[in-house]
1. Just wondering, is there one or more residues in the range 221-228 that are surrounded by fewer than 18 Cβ atoms within 10 Å (Cβ to Cβ) and of a type in the set (S, T, N, Q)?
2. How about the range 107-133: which of its residues are of a type outside the set (Ser, Thr, Tyr), at pLDDT 85 or above and either assigned to a loop (DSSP other than H, G, I, E, B) or over 18 Å from residue 171 (Cβ atoms) (or both)?
3. Tell me the residue from 604, 619 that is on the phi < 0 side of the Ramachandran plot, among the acidic types (Asp, Glu) and not in a helix (DSSP H, G or I), please.
4. Please find, among 315, 358, the residue that is more than 27 Å from residue 415 (Cα to Cα), buried (at least 22 other Cβ atoms within 10 Å of the Cβ) and of a type in the set (Gly, Ala, Ser).
5. List the helices (runs of 4 or more DSSP H) that sit entirely inside the range 351-429 and contain at least 2 residues that are touching a Lys or Arg at 6+ places or on another chain (Cβ under 8 Å) and within 16 Å of residue 440 (Cα to Cα).
6. Somewhere in the range 223-232, is a residue in contact with a Gly (Cβ under 6 Å, 6 or more places away or on another chain) and of a type in the set (A, V, I, L, M)?
7. State all residues of the range 216-259 that are among the basic types (Lys, Arg) and assigned to a helix (DSSP H, G or I); if no residue qualifies, say none.
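The values are calculated or read from the model by the stated rules, or taken from the named source; none is laboratory data. Every value quoted in this text rests on a predicted model; they were computed, and no experiment measured them. When we count neighbours, we look across all protein chains shown, and the Cβ atoms used for this are built from the backbone with ideal geometry, even at glycine.
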Amino acid sequence: MKRWEGSLEAQANSVPSALRSYDEFIIDLVNKLAKKARSRGIRVSTAELVELARILSIYATLRGGMLTNDDIVFVSCSVLCKRKEDSRKFSDLVLDTSSRDSVKDIIRGIKSDLEKLGVGPSSSFSLRGRLSDDAQAAYARLRLLGVIKSKGSRARVVSEKAIKDIARRLARSSSSYREAVASAIAGKGRNDFVLSLAARLGSELPYYVDLGKLGIEQLARIYRYARSRPLRRYVASVLSRIAASRNRLSENEARLVLDIAIREKMLDEKLLNKLIKANPRLIDRLRNSISSEELLDIALSDRDNENSVEIAAKALGVPPIHKKALGVILANNVLLEKARKKELGSTELALLSKIAEAREMLFRSMLGQDEQAYRDYALAELEKAKEMLSQIKEGEVLTELRKIYERVNYEANALMTGNNYAALKSLVKDLSFTDAVKLLSNIASSADSRTKHYAMRLLYIITRRYAGLFSKGRRATVAITRSGFGKISTRHTIHNMVRMKPNPITVRSNKRTKSIVLVIDKSGSMRDYAIAALLSAAALAPLVKRIVFFDENVYVLNKLSRVNIHKLIELVFSTQFSGYTNIVSALDAAVKGISASKLVLISDLKQTVKPYTETDVCDQVAWIQSSGWRVVILTPSNNYPSCLDNTGARIITVDSINVIERALLRL
C-alpha cells in the first residue's frame, strides 16, 4: 500500500482526537487530504474526516490492505466534495499528489532495465544474438510499456521526453514500476504477442501475474513461448493443478494439458482420469501406457459422464455401430463381466443395440409428438431383437438378455394398451434421481393432462424415497448406491451382489449436517437445473430452512419441512421458468431475518435487472460471506464474474444436472 508524504508525529497537533483510533496510514492519509482540500477552498469538517477514515478503512480491509488511487479519489470526493467543481479539482489534486512518487519509481525502473540492455534513450540496437535471462526480462518489460519499439531485427528506444510522458501516464493508474508492468500484462492478457513477452520474463513472471487466474489456453501459450526451464516447470504444475480441480474441461483444453503433462512427466492418475473423461479421443495417444482395465474403471467411476460410453467402447473394443448397447452393458454386472472377457459376440451386441433403440423410441413417444410412429418403430426393433434371441445359445448371457428384452417388451405393451403409468414407472426405475426428474418433467410439460398426472405422481413417489435418505434430526444417515460418498456398507453390498443387482455398491455416510438456505435461479436458461434443485430441496426438507427462487421477482418458502411435497411438485410445474435475473434482491431476501448458516446459490450469475450489475452481485456475496455465512455457488457457466473469486465464496462449475444432486448430498 502506497504511503503519502509526512509522518503522524509531525502532524499530531492537527489530527482530531476522533481519528486516533484508526490505522496510522489512514490517519496520515486523511489528514493530508484535509489539508490539500482546505488549501483549494474546499470546506472540511471533523465529522467528515471521521467518516472518510471509516470508509477508507473498510475499503482497505476488503482489498487486503491495498488502496488504489481510484479508491482514494472516489471515497474522498463522495465524502468531502459538495459541488461538481470541487470533485474535479480534488480528483486532480489527489492524482497529481499521489502520482509524484510513482513517476519517480517508474522512471527509475525504466532506466535500470535500459542499463541491463546496455542502451539509452533515443538509441537503437539489434535483436539478433542470445540475450541473458536478465536482459530478456528487461526487454520484455520495456516492450510491454512501450518504451522500446521494434521493427524486424532492429529495436529503438523512445526519447527522454517520451519516457517521462509514459511514466506520468502509467502513474495515473499504477503506484510502482512493477504494478505498471503487471497492469500491461493483465490489460491485454489474451493477446498472443503480450503472452510471448510475458514468457520472456522467465522465473520473474509469477511476481507480475497470478498464473492461477489465467485460462488453460493462455497458460499453454506461455509454456510454449517460455525459454526458461524453471518457468516451464512452474507453468506445467499450475496447469496440472487447475485441470485436476476443474469440474469441466473442453476437448482442446484436455489435449493441451495432456501434451504438457507428458512432456514434464506430471501425469498422475487423477489428472489422467479427468483428461480422458473430457476428451476420449486422447485414449489413442495413450494406448501403450494405459490398459483396457484402467480405461473401464475410468468409465465406471462416473457413469453419468456424457463420455463414459465412448471410453467404455474403447476399453471393451466395441465397434461404433454398437455403442448404444454399451448403456445397457454398463448397467448390468453379468453382461459387463462377459464384455470384459470378450464373450459378447456381434449377435449379442446387435441385440442389445436393438433393445436400446426400442427403449429410446418409447421414451420419445411419451413426449406427445408422433406417439404412434415412435411406438411402431419400437415394436419393429423388438421384433428384430426377438429373432436374434433365438440365435443365441442357452447360458447365463441368454438369461440376462431375455430379462432385458422382456422388460422393454412389457413397457411397449403397457403403452400400446394405454397403461402409461406402468410404462413410466418401469422406464424410470433404474434412473438416478435427477435423470428421472428431467425425464418426468419433460413429459409433464409436453404430454396430455392424464400423462402429466402420472408423471407428477411418480415424481412424488421418487421424491419421498429420496427424502428417506435423510433422518428427521440433525444427524443424517445416508445410504446410496453410488461410489465416492462415505464408507462402503459391506452387508448391503454383498446382499446386492449375491442377487446380481446392478450397481451393488452401497455407501453409508454418518455425518452431522447443518441447516441450509437454497437460492435458485429459475430464469429460462436454468430450467432443468432449477427443477432438479427444487425437488432435491424437497427431499432434503428437514435440512433446508428456506428456499428462495427467483427471476426478476423473488419468491420465498420458509419452514420447508412443513410444506407438503406433492404441493411443492405442483408448484414447480405451475412455475414459468423464464424472465430476467435479479440475483442481488434474491440474496438479500435469502439472509433477511435469520441467523447465519450455509447458503447455496444455483445460478448462471448473469444479473440482468437494472440498476444492479455483476459488481453488485460480487459485493453482495462478499458482504454475506463476511457476515458469518458460508456461501457455495453452483453455476453451469465458466464465464462467471471474476470478482467473485475475491469474495471468499466456494464456486463449483456444474457440467451436468447430476452434479446438483451430488453437491446437495454432501451439504
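1. No; the residues of the range 221-228 include none that is surrounded by fewer than 18 Cβ atoms within 10 Å (Cβ to Cβ) and of a type in the set (S, T, N, Q).
2. Hits for the range 107-133 are 114, 115, 116, 117, 118, 119, 120, 121.
3. Working: 619 fails: not in a helix (DSSP H, G or I).
Residue meeting the stated conditions: 604.
4. After applying the criteria, what remains is 315.
5. 396-416, 420-427
6. Yes; the residues of the range 223-232 include at least one that is in contact with a Gly (Cβ under 6 Å, 6 or more places away or on another chain) and of a type in the set (A, V, I, L, M).
7. To start, the set of residues in the range 216-259 that are among the basic types (Lys, Arg) comprises 221, 224, 227, 229, 232-233, 241, 246, 248, 255.
Correct list: 221, 224, 229, 232, 233, 241, 255.
Results for (1) in contact (Cβ under 8 Å) with a residue 12 or more places away in the chain; (2) of a type outside the set (A, V, I, L, M); (3) in contact with a helix residue (DSSP H, G or I) (Cβ under 9 Å, 6 or more places away or on another chain); (4) buried (at least 19 other Cβ atoms within 10 Å of the Cβ), shown as yes or no for each residue.
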| site | (1), (2), (3), (4) |
| --- | --- |
| 126 | yes, yes, no, no |
| 132 | no, yes, yes, no |
| 137 | yes, no, yes, yes |
| 141 | yes, yes, yes, yes |
| 151 | no, yes, no, no |
| 155 | yes, no, yes, yes |
| 165 | no, yes, no, no |
| 171 | yes, no, yes, yes |
| 176 | yes, yes, yes, no |
